[in-house]
Amino acid sequence: MKYIKYAMVLLAFVYWLVPVYLRAFPGWLNSGIYNGVPLLYILCNFRKVQCLLLGIKKKYLWISFLLLVFALVWSFCAIVYNNTDDYSYFMKIFTAFRSIYISVFLLLLANNTLRNKNILEKYSVFYSGAIAVCVLFTVMTLLSLDLRENYILLLNQTDKPYLLEDEMYITRFSVGGFAGFGQTILASIGGILSYYLISRKVYIGFPLLLISLLGNLFYGRIGIILSLIAIVVLMMRTMRFRTIAWQIGGLIVSSFSIYVILGCFDNSMFDAWKLWIMQPVDGFIQGLQYGQITFGSSGDKLVYGMYFMPDDSTILFGDGRYENNDGSYYMYTDAGYMRIILYFGVIGAMCIYGSYLALTVFALQNLRGDKVASYLVMTLVICFFVAEYKGDAYPVFFGIVMALGLSGNSREMSVCRR
């Protein structure tokens, strides 16, 4: 019976990390389920939420919250000032709040399910496990095109469905449909939490780490950069040199084995995927032959085409635009720093980034008894600002840091559970 319970909680993590909007349900019902169930669960377990907050330092949590609220107000001002009626980014800021309460919901769910582990271990097991389910589902749909096509018919595709037809993006498909930048960020976080499990001698973390890295290779190359940065930083801070060498050797051998296994499949889709993975490396090597620095077509587009200098008014106050009328990116840039500046200027950007940094201080203050978890938070700060260079998946980072901050209160939670 308990294994059924574990499976149900794991599926809940999958659903609330990677939303599955079914075509059979109207949009309002999909959104209602996704947002309403966590809020209802939190209300029904409000005493346990109080336990999470009991005796911890909340000053920087309030600062983070106030800065996020001010960002909402400032975004509204940018819309009115520029007379644009573009509320797309206004709504995106709400997803940061949503990420926070969903993380609290999942934290409570994990804590109520597993026993004899600290709360962060429980959360990490289910979070990394959910990423593994998503990645393995991607592998299944690559091996069975019929499964992929039949599954697509069940989904309400609202995010870049046309890219699913592109050979270069053939691996960007998971339980929620198209899987790109946002899901490679989730895979990187799954890898970071897997590393935490390894450091706690929960050895299921090692295969979960490898699967998370495979997810990075499927959904977005920036995720590999984030994961490698995180792993290197965490290893340097938490392990001895001999252990580091052993872990790196194991990762290299395991990664090479997975590459060889996938290479055994006579599949044109896998061939297209491997070309996509190697494109930045091949471009960089070829560029050096001609004395140039290049990162492949998509890398060059980001570095040389997505960043430019806006005028003074835009830098200060923004243009109040996040999308063009046709739904494309405003100014045709999807770089995170550019999109936030173009929308509501440096004042709004400082509110968003300041809110995140305040939240990380909140987490660090409450994780002093767990050095490895504190290193996780510092690693997530680095990953946050690196990821922003590529895109704007920052709401995901708000949720994971909130979970880390609250997980430092394991003693009070264990008392409440009795």
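The values are calculated or read from the model by the stated rules, or taken from the named source; none is laboratory data. Only a predicted model underlies this, so the values are computations on that prediction, with no experimental measurement involved. Heads up, the Cβs are rebuilt from the backbone with ideal geometry, glycines too, and the neighbour counts pull from every protein chain shown. With ligands, DNA and RNA removed, areas are computed over all heavy atoms of the protein, side chains included. Shrake-Rupley method; radii C 1.70, N 1.55, O 1.52, S 1.80 Å.
For every residue, the table says whether it meets (1) within 29 Å of Cys134 (Cα to Cα); (2) surrounded by 15 or more Cβ atoms within 10 Å (Cβ to Cβ); (3) not acidic (Asp, Glu).
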| site | (1), (2), (3) |
| --- | --- |
| Lys5 | yes, no, yes |
| Val14 | yes, yes, yes |
| Tyr21 | yes, yes, yes |
| Pro26 | yes, no, yes |
| Asn30 | yes, yes, yes |
| Pro38 | yes, yes, yes |
| Arg47 | no, no, yes |
| Cys51 | no, yes, yes |
| Lys59 | no, no, yes |
Could you figure out which of (1) open to solvent by less than 10 Å² (accessible area, probe 1.4 Å); (2) farther than 17 Å from Ile100 by Cα; (3) of a type outside the set (Asp, Glu) isn't true of Ser407? (2)
Conditions (1) at pLDDT below 75; (2) buried (at least 16 other Cβ atoms within 10 Å of the Cβ); (3) of a type in the set (Ser, Thr, Tyr); number of the one not met by Ser297: (2)
Kindly check whether there is at least one residue in segment 80-87 that is touching a Gly at 6+ places or on another chain (Cβ under 9 Å), farther than 30 Å from Ile204 by Cα, surrounded by fewer than 17 Cβ atoms within 10 Å (Cβ to Cβ) and of a type in the set (A, V, I, L, M, F, W, C). yes
Select from segment 180-237 the residues that are of a type in the set (Phe, Trp, Tyr) and in contact with a Leu (Cβ under 7 Å, 6 or more places away or on another chain) and write down the one among them that is nearest to Leu136 (Cα to Cα). Tyr195
Condition check for Tyr343: touching a residue at least 60 places away in the same chain (Cβ under 8 Å), touching a Gly at 6+ places or on another chain (Cβ under 7 Å) and over 16 Å from Arg237 (Cα atoms): yes
Among the residues of segment 194-202, is there at least one that is closer than 15 Å to Phe126 by Cβ, modelled with pLDDT of 90 or more and open to solvent by 10 Å² or more (accessible area, probe 1.4 Å)? no
With Trp246, Trp273 as the choices, which residue is modelled with pLDDT under 65 and either open to solvent by less than 20 Å² (accessible area, probe 1.4 Å) or touching a strand residue (DSSP E or B) at 6+ places or on another chain (Cβ under 9 Å) (or both)? Trp273
Test: residue in segment 91-108 that is open to solvent by 20 Å² or more (accessible area, probe 1.4 Å), part of a loop (DSSP other than H, G, I, E, B) and of a type outside the set (Val, Ile, Thr): no
Out of all the residues in segment 1-60, which are among the hydroxyl-bearing types (Ser, Thr, Tyr) and within 30 Å of Leu357 (Cα to Cα)? Tyr15, Ser31, Tyr34, Tyr41, Tyr60
